[in-house]
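To keep things clear, I will list the structure first and then write my remarks on it.
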Amino acid sequence: MVKKIVLVVVLCLIAAVVVAALVADSKFGVIWGSPRIPHSTLVKPETRAILSVDVPRAKDFIKRQFLKDIPAPDGVIPYALPYEAGLIVSPDYVLGEMNMTLFVNDRRLAPVIAEKANGFKLPAPLNEWFPEKMTAKQRGLLRRDGTAKMDKLFLAKLKTLWNKPSPGDTLKIEGGHTVELVLDNRDGSLLAMASAVASSKGFDLSTILTEGRMGVFTNIGSVRLQGDILPDDSIKLLLAIECTPEAEEAMAKVLGMALEMGFNQLQMMAKMKGISIEGKAAVEGKRVRGEYTVANVIELLN
């Protein structure tokens, strides 16, 4: 009789633990890990911009900058950090829309991450582009979809001047870096996406849609930016601007000069915010490569 009572008590305790685990996982997502869902599953044939953040690579930076007052053991942090986060941009030229998806491939703590993300006030115009909250579409995938309008007249004129076929594939993230951004301009999408941003700020880019001014833009095939966090919390950036196959090497030199002028302006603006940017670019055939170091990057979050 005593053994039966003990057995019943043990079974009840086990059931209670299981129920508690299920409740805790449902509310906080802390027990069972989520599957790996890479950004490539969200990429469409029309995708022209991909931003990917390899969160585990930023583990030490996150701990130093955001968890220094939290006594979390080093062994616990990797089990809590998401696998990846980022942004996917896919223009729709028929509807004149720029479709965007903010995503987080969480490992655990999905409800907590969603709550924190939704509590963050997006700056304009992002708050207008992303009116909906971030939600869990499936286990391991938090996403927040948004849309920005593009001027159809601008797009029609751009297509006429560009006169190049759409690429048959999408550019891919190379990987191996903390953060990577790739912009595909083989069909003029870079300018189209820039027009949507400019319109939201009250600027009109249609003045550059002339054959004389379009020369530089039509020779840009892609832009890739890769970043890694250094031990002193500065960031090393690698920039690569690839010209189109039909572009002349002289055009790469023009792009190099334009990049240098733009960098000087950016350097001055960053200095006003207490951020230091040092580096230089070089022309290599039909490619422009830049290597930069950004210090006091934490000021961007203040």
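To keep it simple, each residue is scored yes or no on (1) closer than 30 Å to Gly188 by Cα; (2) of a type in the set (A, V, I, L, M); (3) in contact with a helix residue (DSSP H, G or I) (Cβ under 8 Å, 6 or more places away or on another chain).
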site	(1), (2), (3)
Ile77	no, yes, yes
Ala85	yes, yes, yes
Ser90	yes, no, no
Met100	yes, yes, yes
Val104	yes, yes, yes
Ile113	no, yes, no
Asn118	no, no, no
Pro123	yes, no, no
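Considering only residues that are within 30 Å of Leu209 (Cβ to Cβ) and charged (D, E, K, R), look in region 155-179 and name the one that is modelled with the highest pLDDT. It would help to see each step written out before you state the result.
To start, the set of residues in region 155-179 that are within 30 Å of Leu209 (Cβ to Cβ) comprises 155-172.
The next check asks that each one be charged (D, E, K, R); those that pass are 157, 159, 164, 169, 172.
Values: Lys157: 85, Lys159: 83, Lys164: 74, Asp169: 85, Lys172: 94.
My answer is Lys172.
In region 250-302, of all residues being of a type in the set (S, T, N, Q) and touching a residue at least 12 places away in the same chain (Cβ under 8 Å), the one that is nearest to Arg224 (Cα to Cα) corresponds to Thr293. Of all the numbered requirements in (1) outside the structural domain of Ile50 (by TED's automatic domain parsing); (2) buried (at least 17 other Cβ atoms within 10 Å of the Cβ); (3) in contact (Cβ under 8 Å) with a residue 60 or more places away in the chain, Val182 misses one, and that requirement is (1). Of the numbered criteria (1) touching a Pro at 6+ places or on another chain (Cβ under 7 Å); (2) outside any helix (DSSP H, G or I); (3) of a type outside the set (S, T, N, Q), the one His177 fails is (1).
Looking only at residues of region 33-45 that are buried (at least 18 other Cβ atoms within 10 Å of the Cβ) and over 13 Å from the mean Cα position of the chain (by Cα), we find that the one that is farthest from Glu84 (Cα to Cα) is Ser34. The residue pairs whose first member lies in region 110-123 and is assigned by TED's automatic domain parsing to the domain that holds Pro82 and under 15 Å from Ala85 (Cβ atoms), whose second member is part of a loop (DSSP other than H, G, I, E, B) and small (Gly, Ala, Ser), and whose beta carbons are closer than 9 Å, counting only pairs six or more residues apart or on different chains, are Ala110/Gly29; Ala110/Ser34; Ala110/Gly140; Val112/Gly29; Ile113/Gly29.
The values are calculated or read from the model by the stated rules, or taken from the named source; none is laboratory data. As the structure is a prediction and not an experimental result, all values here were calculated from the model. Here the Cβ is made from the backbone with ideal geometry for all residues, glycine too, and neighbour counts use every protein chain on show.
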